[in-house]
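S.K.: So that we are looking at the same thing, I have put the structure below in structure tokens.
The values are calculated or read from the model by the stated rules, or taken from the named source; none is laboratory data. What you see is a predicted model, and the numbers here were worked out from it, not measured in a lab. Because the Cβ atoms are built from the backbone with ideal geometry, glycine has one as well, and the counts that use them run over all protein chains shown.
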Amino acid sequence: MLEFKHVSYHYPATPPVIPDLSFKIEKGEFVALAGSNGAGKSTISRLSNGLLLPSSGEVTVGGFNTKTTRASQIARKVAFLFQNPDRQICQNTVREEVSFGMRVQGFPEEEIKARTEAALETFSLNGDWSPFTRSRGERQRIALASVLAGKPELVILDEPTTGLDYKECTAIMDHIAKLNREEGLTILMVCHDMELIQSYAGRVLVLNRGTLLGDGPTRQIMKDRELLSKARLRPAQIPNLALRLGAGFEDVYTVDEMAALLQKRAGHKEGEE
Amino acid sequence: MNLLQYQPGNSFLHRLNPITKLAAAFLYGAACIISGNLFLVTALIILMILIAATAGLGGRALRLTRNLLILGALMFIIQLFFVRSGDPLLVTGGFVWVTTGGLVSALLLSLRVVAAMLPLMLLFAITEISDLCGALVKKLHVPYRYAFIVTTAFRFVPLFTSEFHDIEDAQRARGVEYDTRNIVKKVQLVAPLFVPLLTSSLRKVDAGAISAEVRGFNLRTYNSGYQQYPFHLADGAAVVLLVALIVVSAVL
Amino acid sequence: MIQFNECSFRYQGGSHNALDGISLTIEDGAFVGVTGASGAGKSTLTYAVNGLIPHHFSGDFYGSVLVNGLDTVEVKPEELSRFVGEVFQDIDSQMVSSVVEDEILFGMENFGVPHEEIGRRLQQTLSLLGIEELRRRQINSLSGGQKQKVAIAAILAMRPDVILLDEPTGELDPESSVMIFELLKTLNREFHKTVVVVEQKIMLLCSYVDRIILMENGHIAFDGPTAAVAGEADLFRAQGINIPRVTELGEKLTGMGLYHGALPLTLDGGEKMVREVLADA
């Protein structure tokens, strides 16, 4: 779905933000790109859909090479949700906003209508609202509905939960996770919230100063304290607790697993007595 | 854009009082405009580049000169066809297109534009806007309110630029193509972007105003500033030199 | 000391009260966290303390707010800012200068702090925050965490008794967020500042503040010592607050009859709990 082949990127007359990066994301994966601020996450997400072009190497997405394909063509397959919905929203009603992307991408009018109404329904939005007067959480939902309405194959989320409270955040993430599960939508989520990553992502790319430090299943990466600390990150709370407890807790990852293990231990003891 | 950005340094030029720098830039420009001598104006451009080089800004001065020459060339062409004095130079079918007087005055005008603008633009490279405004308030008692508006405007330029780029990116990611050559279409595409830009700008300006207000903006007087901007011998010398330059260019 | 007496406020044109009958006292030297869903009135609460309500934002104001005995309706925000300083939510737009040093000087200059005193305070503030080397730097060249430190320094230099912060870690990564909270702790413990911090990241609050206020539609849904939050987890969940995973684990273990102590809120507390369970088993 998305592949970086020896990609480097640098702004004019500065050391490279990305020295040499290669990775591949398959269709249907939910991948988190984790790293602290300044690790190059935004650059990578913008390289992924052709907003930026690599200084050297190649990025292919949905079968397109970003160097030789127009951004508008890529936009039909790759959606991008920005951190701040206010940068995207520019239409007077929610309905116009949701249909805007499809309109500029040249979808047939009837299809636009049908998909817009479907997206409004899915995201519980009222098409007649003025997007500017809605709350931040609702604006983020409007922005999401708008980028997903055209049924892209890959969606890039750029720190999607900044400025949202936990309730709004889970509402949005649950929608995305559902699309990933049920429709095989591929997700690349740029994020530094390890709890969120643990809850949703199946695989994590750990990034520091434009270099990939680690790439693996979330469960495995979450247990690698050394790797995460190199990227100035920490494991989520329960994996971290398991690490602190040491031997015997290597396989514990969630609240339920921790409780189950402790119950088993208690049961064993009682059995011995 | 970054041709107007402040470049920190500790050269002779950097260390001059901000007011001296401002005055010097204007005086130098005035000398170029007063002069009717093509060679002197050309020499002043070259001299300005050399002066800039002493502050490590030679490269920037050259680039600025190049950009200003484009503007100059435009004015050259307009002036060339509008001034009709002296002998005819280019005649086709009995119609006089260009005259010698037109050529000289066009050349002079375009070089003057370059020579007079160059020092003003280099001023921003060696002066922090906040220092310039601070000195104007402290020494010339310019009302702080105006100085604050100017510094804020300058400070917001890069903020707005990056905001605009982000907004444009968000739309490009949805498939809007801004690289069209059709100017009408381009306007149609860019116009809606001003809605989010305006919304976010107003929000930022209001937040800035609140932050200034609660930190006692309204209590400020011209004497509040902590930074001192003393005049030194070098400042006097610079002004004397520039006045001399004006005299020279008026005479030549 | 800050005292809210039956305070209500409705923004002009607003459909409901942003603050709704708030009564609360914050003692000198307190370290308080304010949390709640978006639109619950958290920012508005801070505006009521520094006088932006009712002086900057117009609307209907009922009841009273006293800051060090001064009624916020009667004195202007700049008068109040001698006692209360606020670090606002948007880091970039609250800056008034392009250079770090000027930003920190701004408030002191305006309030007419004598110039020899200004120099001393500038130095002290820079070194307290560990940003001496940033003194002449352009603010827009700094990282988010550094900018936040500059914003805090600009407020601290004015020597307020109370520091309000509105989601100071909103745009920061985990490491910088912890750094800011460590700093707030130092200000509270060593410099005896009253610190009131609005924050979504409940896990940070639980690890640092002494008291937590939960807001819901303009009123206070919970107000108590941080340790009491675990016992009221459902109240917080109902407001969409992300209860720490170790607290959830504690609830589960209590439900299974494996644990009988107080529910933990932090990683340290969680470790202690599990070790207790293991020892009992």
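S.K.: Could you give every pair whose Cβ atoms fall below 6 Å, whose first residue belongs to the range B:198-222 and is within 13 Å of residue C:56 (Cα to Cα), and whose second residue is loosely packed, with under 15 Cβ neighbours inside 10 Å and aromatic (Phe, Trp, Tyr), counting only separations of at least 6 or pairs across chains?
M.R.: none
S.K.: Only one of these is under 26 Å from the mean Cα position of the chain (by Cα) and either surrounded by 15 or more Cβ atoms within 10 Å (Cβ to Cβ) or under 30 Å from residue C:120 (Cβ atoms) (or both): B:241, B:189, B:245. Name it.
M.R.: Values: B:241 fails: either surrounded by 15 or more Cβ atoms within 10 Å (Cβ to Cβ) or under 30 Å from residue C:120 (Cβ atoms) (or both); B:189 fails: under 26 Å from the mean Cα position of the chain (by Cα).
Only one candidate qualifies: B:245.
S.K.: Kindly state which helices (runs of 4 or more DSSP H) lie completely within the range C:146-249 and contain at least 2 residues that are under 28 Å from residue B:212 (Cβ atoms) and in contact with a strand residue (DSSP E or B) (Cβ under 8 Å, 6 or more places away or on another chain). Break it down into steps so the answer makes sense when it comes.
M.R.: Details: elements: C:174-189, C:202-208, C:233-238.
Of the helices (runs of 4 or more DSSP H) lying wholly inside the range C:146-249, those with at least 2 residues that are under 28 Å from residue B:212 (Cβ atoms) and in contact with a strand residue (DSSP E or B) (Cβ under 8 Å, 6 or more places away or on another chain) span C:174-189.
S.K.: Give the range A:4-36 a look and list any residue that's closer than 23 Å to residue A:181 by Cβ and in a strand (DSSP E or B), or say none.
M.R.: Taking the range A:4-36 first, the residues closer than 23 Å to residue A:181 by Cβ are A:23-34.
Correct list: A:23, A:24, A:25, A:30, A:31, A:32, A:33, A:34.
S.K.: When only residues in the range A:52-74 that are touching a Lys or Arg at 6+ places or on another chain (Cβ under 6 Å) and without any contact (Cβ under 8 Å) to a residue 40 or more places away in the chain count, which is surrounded by the most Cβ atoms within 10 Å (Cβ to Cβ)?
M.R.: In the first step, residues of the range A:52-74 are kept if they are touching a Lys or Arg at 6+ places or on another chain (Cβ under 6 Å); the result is A:52-53, A:57-58, A:62, A:71.
In the following step, the residues that additionally are without any contact (Cβ under 8 Å) to a residue 40 or more places away in the chain were identified as A:53, A:71.
On the way: A:53: 15, A:71: 21.
The residue in question is A:71.
S.K.: Would you mind stating whether residue C:70 is of a type in the set (A, V, I, L, M), closer than 25 Å to residue A:134 by Cβ and surrounded by fewer than 22 Cβ atoms within 10 Å (Cβ to Cβ)?
M.R.: Working: of a type in the set (A, V, I, L, M): yes; closer than 25 Å to residue A:134 by Cβ: no; surrounded by fewer than 22 Cβ atoms within 10 Å (Cβ to Cβ): yes.
The answer is no for residue C:70.
S.K.: Pairs under 6 Å by beta carbon, first residue part of a strand (DSSP E or B) in the range A:206-221, partner crowded, with 16+ Cβ neighbours inside 10 Å and among the basic types (Lys, Arg), six or more apart or different chains?
M.R.: That search, which allows pairs on different chains as well, returns A:217/A:203.
S.K.: Out of the range A:51-106, which residues are part of a strand (DSSP E or B) and over 19 Å from residue A:141 (Cα atoms)? Explain how you work it out, then say what you get.
M.R.: Narrowing the range A:51-106 to residues part of a strand (DSSP E or B): A:56-61, A:64-65, A:78-81.
A:56, A:57, A:58, A:59, A:60, A:61, A:64, A:65, listed by residue number.
S.K.: Go through C:268, C:223 for me and flag whichever is assigned by TED's automatic domain parsing to the domain that holds residue C:8 and either more than 26 Å from residue A:263 (Cβ to Cβ) or not aliphatic (A, V, I, L, M) (or both).
M.R.: Residue meeting the stated conditions: C:223.
S.K.: May I ask you to say which residue of A:60, A:93, A:133, A:66 is out of contact with any Phe, Trp or Tyr (no Cβ under 6 Å at 6 or more places or on another chain), of a type in the set (Val, Ile, Thr) and closer than 26 Å to residue A:181 by Cα? So that I can check it myself, show each step before the final result.
M.R.: Details: A:93 fails: closer than 26 Å to residue A:181 by Cα; A:133 fails: closer than 26 Å to residue A:181 by Cα; A:66 fails: closer than 26 Å to residue A:181 by Cα.
Result of the check over A:60, A:93, A:133, A:66: A:60.
S.K.: Of the residues in the range C:63-86, how many are assigned to a strand (DSSP E or B) and β-branched (Val, Ile, Thr)?
M.R.: At the first step, the residues of the range C:63-86 found to be assigned to a strand (DSSP E or B) are C:63-67, C:70-71, C:84-86.
When the remaining residues are screened for being β-branched (Val, Ile, Thr), the result is C:65, C:67, C:84.
Result for the range C:63-86: 3.
S.K.: Another one. Answer yes or no as to whether residue A:22 is within 30 Å of residue A:225 (Cα to Cα), within 14 Å of another protein chain (Cβ to nearest Cβ) and either in contact with a helix residue (DSSP H, G or I) (Cβ under 9 Å, 6 or more places away or on another chain) or of a type in the set (Ser, Thr, Tyr) (or both).
M.R.: On the way: within 30 Å of residue A:225 (Cα to Cα): yes; within 14 Å of another protein chain (Cβ to nearest Cβ): no; either in contact with a helix residue (DSSP H, G or I) (Cβ under 9 Å, 6 or more places away or on another chain) or of a type in the set (Ser, Thr, Tyr) (or both): yes.
The answer is no for residue A:22.
S.K.: Then there is this: Give the residue, chosen from C:94, C:89, that is in contact (Cβ under 8 Å) with a residue 60 or more places away in the chain, at the interface with chain B (Cβ under 9 Å from one of its Cβ atoms) and in contact with a Gly (Cβ under 8 Å, 6 or more places away or on another chain). If you could, list the steps in order and put the result at the bottom.
M.R.: Working: C:94 fails: in contact (Cβ under 8 Å) with a residue 60 or more places away in the chain.
Going through C:94, C:89 in turn, just one is in contact (Cβ under 8 Å) with a residue 60 or more places away in the chain, at the interface with chain B (Cβ under 9 Å from one of its Cβ atoms) and in contact with a Gly (Cβ under 8 Å, 6 or more places away or on another chain): C:89.
S.K.: Answer yes or no as to whether residue B:225 is assigned to a helix (DSSP H, G or I), crowded, with 18+ Cβ neighbours inside 10 Å, within 12 Å of chain C (Cβ to nearest Cβ) and touching a residue at least 40 places away in the same chain (Cβ under 8 Å).
M.R.: Values: assigned to a helix (DSSP H, G or I): no; crowded, with 18+ Cβ neighbours inside 10 Å: yes; within 12 Å of chain C (Cβ to nearest Cβ): yes; touching a residue at least 40 places away in the same chain (Cβ under 8 Å): yes.
No: the conditions fail for residue B:225.
S.K.: Between a residue in the range A:248-262 that is facing chain C (nearest Cβ under 9 Å) and any residue that is among the basic types (Lys, Arg), which pairs come within a Cβ distance under 8 Å, given they are 6 or more apart or on different chains?
M.R.: A:255/C:245; A:255/C:252; A:256/C:252; A:259/C:252
S.K.: Residue check: is residue A:119 more than 18 Å from the chain's Cα centre (by Cα) and touching a residue at least 24 places away in the same chain (Cβ under 8 Å)? Outline the logic, then answer.
M.R.: Details: more than 18 Å from the chain's Cα centre (by Cα): yes; touching a residue at least 24 places away in the same chain (Cβ under 8 Å): yes.
Yes: the conditions hold for residue A:119.
S.K.: Let me ask something else about it. Restricting to the range C:110-150, count the residues that are charged (D, E, K, R) and away from chain B (no Cβ under 13 Å). Walk me through how you get there before you give the answer.
M.R.: Filtering the range C:110-150 for residues charged (D, E, K, R) gives C:116-117, C:120-121, C:132-133, C:135-137, C:147, C:149.
This time we only want the ones that are away from chain B (no Cβ under 13 Å), so: C:132-133, C:149.
Here the count works out to 3.
S.K.: Scan the range C:224-260 residue by residue and report those that are at the interface with chain A (Cβ under 9 Å from one of its Cβ atoms) and among the hydroxyl-bearing types (Ser, Thr, Tyr).
M.R.: C:259
S.K.: Would you check which residues across the range A:222-250 are of a type in the set (Asp, Glu) and either outside any helix (DSSP H, G or I) or not assigned by TED's automatic domain parsing to the domain that holds residue A:7 (or both) and list them? Before the answer, list the steps.
M.R.: Keep residues of the range A:222-250 that are of a type in the set (Asp, Glu), which gives A:224, A:226, A:250.
Selection gives A:224, A:250.
S.K.: Within the range B:8-56, how many residues are more than 21 Å from residue B:138 (Cβ to Cβ), among the aliphatic types (A, V, I, L, M) and in contact with a Ser or Thr (Cβ under 7 Å, 6 or more places away or on another chain)?
M.R.: Within the range B:8-56, residues that are more than 21 Å from residue B:138 (Cβ to Cβ), among the aliphatic types (A, V, I, L, M) and in contact with a Ser or Thr (Cβ under 7 Å, 6 or more places away or on another chain) number 7.
S.K.: Sort out for me the helices (runs of 4 or more DSSP H) sitting completely within the range A:109-194 that have 2 or more residues that are more than 10 Å from every other protein chain (Cβ to nearest Cβ) and touching a strand residue (DSSP E or B) at 6+ places or on another chain (Cβ under 7 Å). So that I can check it myself, show each step before the final result.
M.R.: Values: elements: A:109-122, A:136-148, A:166-183.
Here the list reads A:136-148, A:166-183.
S.K.: Given the criteria farther than 16 Å from residue C:273 by Cβ, at pLDDT 90 or above, within 10 Å of chain C (Cβ to nearest Cβ) and surrounded by 15 or more Cβ atoms within 10 Å (Cβ to Cβ), does residue A:227 qualify?
M.R.: Working: farther than 16 Å from residue C:273 by Cβ: yes; at pLDDT 90 or above: yes; within 10 Å of chain C (Cβ to nearest Cβ): no; surrounded by 15 or more Cβ atoms within 10 Å (Cβ to Cβ): yes.
No; evaluated as a whole, the condition is false for this residue.
S.K.: Sticking with this one: So which residues in the range A:85-102 are facing chain B (nearest Cβ under 9 Å) and over 17 Å from residue A:133 (Cβ atoms), if there are any at all?
M.R.: Selection gives A:87, A:100, A:101, A:102.
S.K.: Related question: In the range B:75-177, which helices (runs of 4 or more DSSP H) lie fully inside it and hold 2 or more residues that are over 28 Å from residue B:19 (Cα atoms) and not assigned by TED's automatic domain parsing to the domain that holds residue B:63?
M.R.: Details: elements: B:100-126, B:129-140, B:144-172.
The helices (runs of 4 or more DSSP H) meeting that bar are B:144-172.
S.K.: Given the condition within 25 Å of residue A:49 (Cα to Cα), in contact with a helix residue (DSSP H, G or I) (Cβ under 6 Å, 6 or more places away or on another chain) and charged (D, E, K, R), answer yes or no: does some residue in the range B:203-223 qualify? Even if it seems obvious, please write down each step before you answer.
M.R.: Residues of the range B:203-223 within 25 Å of residue A:49 (Cα to Cα): none.
So far as the range B:203-223 goes, no, none of its residues is within 25 Å of residue A:49 (Cα to Cα), in contact with a helix residue (DSSP H, G or I) (Cβ under 6 Å, 6 or more places away or on another chain) and charged (D, E, K, R).
S.K.: How many residues does the range C:185-202 hold that are surrounded by fewer than 21 Cβ atoms within 10 Å (Cβ to Cβ) and under 26 Å from residue A:192 (Cα atoms)?
M.R.: Qualifying residue count for the region: 2.
S.K.: Here is a follow-up. Any residue in the range A:189-200 that is polar (S, T, N, Q), under 20 Å from residue A:84 (Cα atoms) and over 10 Å from the mean Cα position of the chain (by Cα)?
M.R.: Going residue by residue through the range A:189-200, those that are polar (S, T, N, Q) are A:198-199.
Okay, now just the ones that are also under 20 Å from residue A:84 (Cα atoms), so none.
No; the residues of the range A:189-200 include none that is polar (S, T, N, Q), under 20 Å from residue A:84 (Cα atoms) and over 10 Å from the mean Cα position of the chain (by Cα).
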